[in-house]
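Colleague: Shown below is the structure under consideration.
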Amino acid sequence: MAYLSKCLSWKMLMAIFFLPLVLSGLVPPSKYRDGMFKLSAARFSWSRLTPSKLKDRTVGLNTENNAQGKLYFTLEGHKFMIVGGSIHYFRVPREHWKDRLLKLQACGFNTVTTYIPWNLHEEEKGTFDFSEILDLEAYVSLAATIGLWVILRPGPYICAEVDLGGLPSWLLRYPESQLRTTHHEFIEAVDKYFDHLIPRILHLQYLHGGPVIAVQIENEYGSFSKDSDYMEYIKEALLKRGIVELLLTSDNDEGIQTGSVKGALTTINVPSFKRDSFIKLHQMQNDKPIMVMEYWTGWYDTWGQKHNVKSADEIRYTVSRFIKYGISFNMYMFHGGTNFGFINGALYYNEHLSVVTSYDYDAVLTEAGDYTEKYFKLRKLFASASAGSLPRLPHLIPKTEYPPVVLSFYLTLFDILPYLNKPVMLSSPVTMENLPINNDSGQPFGLVLYETSICSGGYLHASVHDTAQVFLNDTSIGYLDENTYGLTIPEIQDCQPLRILVENQGRINYSRKIQNEWKGLDGDVSINDTLLKNFTIYSLDMKMSFFKRLRSATWRLAPEYYLGPAFYQGTLKAGSSPKDTFLDLSKWHYGFVFINGRNLGRYQDIGPQRTLYLPGPWLHPEDNEIIVFEKIKKGFYIPTTSKPQLQG
């Protein structure tokens, strides 16, 4: 203590000494050990405070500071500890929502948290989608029926390892607009989005009889922090539209100061039990209980990197300390699910790293909703701390292996051009976001094919995001990416089509780099410094409507060996009762898989992910059409398996 007194102020010493007492909202301390209070085991009921039990509602989730200086949450005046787990509705097939939520409850959790992705709900400016897997109201209502409370995280920015952090790509059409600031163009877009979103969740709030006990303002703004007025604006935007429940912010320990806003509870995101971080947070708001908004159960994967894991013992130990010191917490993720389609985001650490299709996250439940060692250790821990018994374990959703899928038919990339939407003719190339399509919202996801005519060879220069394959007529002549700006085109005798196929591999979802995340050809294209003009631009967004049009195409028998981008077609026979399975793409190279027109996501032979999750509810009885868009070289058949392979 003598040494500490030289290094720390007396206020810091008092904070270290008394913090556990302050944090404890469950029981008083019994004795002092190693500078931390040793608390007796907390015991509380998971079943008493549930949406169905609390009928007469006057006071929602609140923070209390009693005469003894203890800090804790209350719900309708009862002491309440938030034991939350994240499950994102948009990453789970709607038919499996109930299964995942029941497993959350059976493990001992009382709250589910979810982000709300603006870019999926308003993919096209002014057109809103809250149907099927995006039916937020149905998801929240289902949680209430099961007996779970809900914390919503509506952004507008959410990170979440989704494309552009959940911001719609059409915002990038206005380069002068500053994302995540009070710049008028951004704020006007946010206001219009909130005008559609917030009325959908008002009746789901606690004081209106629903399960929503808290709403988060933005997300980790302390790590971005470009505009001191922005967080206040978002807070007021929620309040004036009728949000009446507890507001909170969420940041890591470096951002809690700049990411906080008056009138909202500051919560913290941590990888482990970070005493110093909790002390820092307590010093900021010493009259509020500690809340961990994100305790990371694992981590996301990126293509070409190793699969991330976190030990079950470490998870159990950390959560036991949260309970011991009365710290409310949310586990990110309880169940990660899948980045279906093109929704994955990306990171930039000296290079562009795309997030893989699986959002397994090494979470408490697997990508397909199976139990893990983490699940059973947490359930045992929660059972020991609960005054009542936990619900029975739901049965596992069965998985199966189907006969291998043989893809016997194919169409080349250039065969399918007549089945795409009408191409755009422009004198110069533009990025995906600036294409004059989709009611001037541009193209959010997928690939773009740029075509022009050249009459001589030379050095081609182009800036692409993220990767591009260059063709002279139908023949591939090379690749471009963010670090490769040019290649040599061989001399030609006659004028020929020059084609550049550019893929958006996912926009960066974190950091200030989101401001400049245009995809496609960025700027002019030249050969020997002569600008190329008159481009025909095809949008390959791979939507369901495209695959419906493709049904009228005449598919050809696929050769045994084929180089270059092509679509391959086969049939998966699912029998009379389809079940979940995984497609093993280890014999293929790079591309996307579509089942009955639904985009399962991207595969790459660089790993770590080798299988794609195929939900049983997305299969028809008996015959199912599988189409693979392979960019590099034809693979062989596609085996199925009942177990994922995420560490290849």
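The values are calculated or read from the model by the stated rules, or taken from the named source; none is laboratory data. From a predicted model like this one, the values you see are computed outputs, not experimental measurements. Positions of Cβ are generated from backbone atoms using ideal geometry, with glycine treated the same way; all protein chains shown enter the neighbour counts.
Colleague: Please count how many residues of region 220-250 are in a helix (DSSP H, G or I) and in contact with a Gly (Cβ under 6 Å, 6 or more places away or on another chain).
Modeller: So the count comes out to 3.
Colleague: While we're looking at this one, here's another question. I'd like the full set of residues that are in contact with a Leu (Cβ under 9 Å, 6 or more places away or on another chain) and either crowded, with 18+ Cβ neighbours inside 10 Å or touching a residue at least 60 places away in the same chain (Cβ under 8 Å) (or both), limited to region 480-495.
Modeller: Those that are in contact with a Leu (Cβ under 9 Å, 6 or more places away or on another chain) and either crowded, with 18+ Cβ neighbours inside 10 Å or touching a residue at least 60 places away in the same chain (Cβ under 8 Å) (or both): Leu480, Ile489.
Colleague: Could you tell me whether any residue of region 273-283 is within 30 Å of Val356 (Cβ to Cβ) and part of a helix (DSSP H, G or I)?
Modeller: Within region 273-283, one or more residues are within 30 Å of Val356 (Cβ to Cβ) and part of a helix (DSSP H, G or I).
Colleague: Which residues, taken from region 526-553, are in a loop (DSSP other than H, G, I, E, B), under 22 Å from Pro436 (Cα atoms) and free of Cβ contacts under 8 Å to residues at least 40 places away in the same chain?
Modeller: Lys543
Colleague: Please work out which one of (1) surrounded by 18 or more Cβ atoms within 10 Å (Cβ to Cβ); (2) part of a loop (DSSP other than H, G, I, E, B) is the condition Leu378 fails and give its number.
Modeller: With respect to (1) surrounded by 18 or more Cβ atoms within 10 Å (Cβ to Cβ); (2) part of a loop (DSSP other than H, G, I, E, B), Leu378 is out only on (2).
Colleague: Ok, one more. Only one of Ile279, Ile234 is under 30 Å from Lys70 (Cβ atoms) and touching a helix residue (DSSP H, G or I) at 6+ places or on another chain (Cβ under 9 Å); which?
Modeller: Ile279
Colleague: Here's a follow-up. Of the residues that sit in region 282-307 and are more than 18 Å from Gly84 (Cα to Cα) and under 26 Å from the mean Cα position of the chain (by Cα), which one is surrounded by the fewest Cβ atoms within 10 Å (Cβ to Cβ)?
Modeller: Lys306
Colleague: Which residues, taken from region 308-328, are among the hydrophobic types (A, V, I, L, M, F, W, C), more than 17 Å from Ala383 (Cβ to Cβ) and under 23 Å from the mean Cα position of the chain (by Cα)?
Modeller: Val309 - this is the single residue of region 308-328 that is among the hydrophobic types (A, V, I, L, M, F, W, C), more than 17 Å from Ala383 (Cβ to Cβ) and under 23 Å from the mean Cα position of the chain (by Cα).
Colleague: Just checking, how many residues over region 198-219 are touching an Asp or Glu at 6+ places or on another chain (Cβ under 9 Å) and in a helix (DSSP H, G or I)?
Modeller: 6
Colleague: Taking region 594-613 on its own, how many of its residues are part of a strand (DSSP E or B) and out of contact with any Asp or Glu (no Cβ under 7 Å at 6 or more places or on another chain)?
Modeller: 10
Colleague: Kindly indicate whether any position in region 181-191 is out of contact with any His (no Cβ under 8 Å at 6 or more places or on another chain), within 30 Å of Val59 (Cα to Cα), at pLDDT 95 or above and not β-branched (Val, Ile, Thr).
Modeller: Checked against the condition, which is being out of contact with any His (no Cβ under 8 Å at 6 or more places or on another chain), within 30 Å of Val59 (Cα to Cα), at pLDDT 95 or above and not β-branched (Val, Ile, Thr), region 181-191 yields at least one hit.
Colleague: Here's a follow-up. Yes or no: region 221-243 includes at least one residue that is modelled with pLDDT under 95 and crowded, with 23+ Cβ neighbours inside 10 Å.
Modeller: Among the residues of region 221-243, at least one is modelled with pLDDT under 95 and crowded, with 23+ Cβ neighbours inside 10 Å, which makes the answer yes.
Colleague: Same structure, new question: Of the conditions (1) under 31 Å from the mean Cα position of the chain (by Cα); (2) assigned to a helix (DSSP H, G or I); (3) closer than 23 Å to Arg549 by Cα, Pro418 fails just one. Which one is it?
Modeller: It fails just one condition, (1).
Colleague: Something else now. Quick one: which residue in Leu393, Leu353 is in contact with a strand residue (DSSP E or B) (Cβ under 8 Å, 6 or more places away or on another chain), among the hydrophobic types (A, V, I, L, M, F, W, C) and in contact (Cβ under 8 Å) with a residue 60 or more places away in the chain?
Modeller: Going through Leu393, Leu353 in turn, just one is in contact with a strand residue (DSSP E or B) (Cβ under 8 Å, 6 or more places away or on another chain), among the hydrophobic types (A, V, I, L, M, F, W, C) and in contact (Cβ under 8 Å) with a residue 60 or more places away in the chain: Leu393.
Colleague: Then there's this: Would you call Asn330 at pLDDT below 95 and either out of contact with any helix residue (DSSP H, G or I) (no Cβ under 9 Å at 6 or more places or on another chain) or part of a helix (DSSP H, G or I) (or both)?
Modeller: Criteria not met by Asn330.
Colleague: Okay, moving on. Among the residues of region 559-578, is there at least one that is over 30 Å from Lys422 (Cβ atoms), surrounded by 15 or more Cβ atoms within 10 Å (Cβ to Cβ) and in contact with a helix residue (DSSP H, G or I) (Cβ under 6 Å, 6 or more places away or on another chain)?
Modeller: yes
Colleague: Do the conditions hold for Glu451, that is, is it in contact with a Lys or Arg (Cβ under 9 Å, 6 or more places away or on another chain), surrounded by 21 or more Cβ atoms within 10 Å (Cβ to Cβ) and not assigned by TED's automatic domain parsing to the domain that holds Asp163?
Modeller: no
Colleague: Can you name the condition, by its number, that Tyr349 falls short on among (1) of a type in the set (Phe, Trp, Tyr); (2) surrounded by fewer than 17 Cβ atoms within 10 Å (Cβ to Cβ); (3) closer than 19 Å to Arg100 by Cα?
Modeller: Tallying (1) of a type in the set (Phe, Trp, Tyr); (2) surrounded by fewer than 17 Cβ atoms within 10 Å (Cβ to Cβ); (3) closer than 19 Å to Arg100 by Cα, Tyr349 fails exactly one: (3).
Colleague: Between residues in region 636-648 that are assigned to a loop (DSSP other than H, G, I, E, B) and residues that are among the basic types (Lys, Arg), which pairs lie under 7 Å by C-beta distance while being six or more apart or on different chains?
Modeller: As it stands, the answer is Phe636/Lys587; Ser642/Lys399; Gln645/Arg610; Gly648/Arg610, since those pairs meet every condition given.
Colleague: What is the one condition in (1) over 33 Å from the mean Cα position of the chain (by Cα); (2) on the phi > 0 side of the Ramachandran plot that Gly446 does not satisfy?
Modeller: (1)
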